[in-house]
Amino acid sequence: MPTPEKRLRLMQLASSSLPVGGYSWSQGLEWAVEAGWVADTAAFERWQLRQMEQSFFTVDLPLFARLYRACEAGDLACARRWTAYLLACRETRELRD
């Protein structure tokens, strides 16, 4: 019987929100496998790490900066707007609730 953590990891991998989940939103993983770029576990790990790093630098970090500025300015409406945007970029609702 899988542990809850293993089940959660499986759900994350199957999520269409992740680069490896769902064929239609895979960030080209199928093509990379077919081309031989991702041929083993180590290559997949590098691929996944790159995807997560790109997400952090292009989504999370800029949004955290905007949230910080909104909070510093006391602009609650702006902070709520950026929080909602950030949540929209996260995992499926089932994993957040």
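Throughout, read-outs are computed from the coordinates displayed, never taken from laboratory work. Only a predicted model underlies this, so the values are computations on that prediction, with no experimental measurement involved. Every residue, glycine among them, receives a Cβ derived from its backbone with ideal geometry; neighbour counts consider all protein chains shown.
Rounded to whole numbers, the Karplus 3J(HN,Hα) couplings from phi for segment 78-83 are 5, 4, 5, 4, 6, 5 Hz, using 6.51 cos²θ - 1.76 cosθ + 1.60 with θ = phi - 60°, and x at Gly and Pro. A cut-off of 5 Å between modelled amide H atoms, ignoring neighbours fewer than 5 places along the same chain, links residue 38 with 33. FRET efficiency for the pair residue 39 and residue 83, taken as 1/(1 + (r/R0)^6) with r the Cβ-Cβ distance and R0 = 41 Å, rounds to 0.55. In order along segment 57-67, phi translates into HN-Hα couplings of 6, 9, 10, 4, 4, x, 5, 4, 5, 5, 4 Hz, rounded to whole numbers, per the Karplus curve 6.51 cos²θ - 1.76 cosθ + 1.60 with θ = phi - 60° and x for Gly and Pro.
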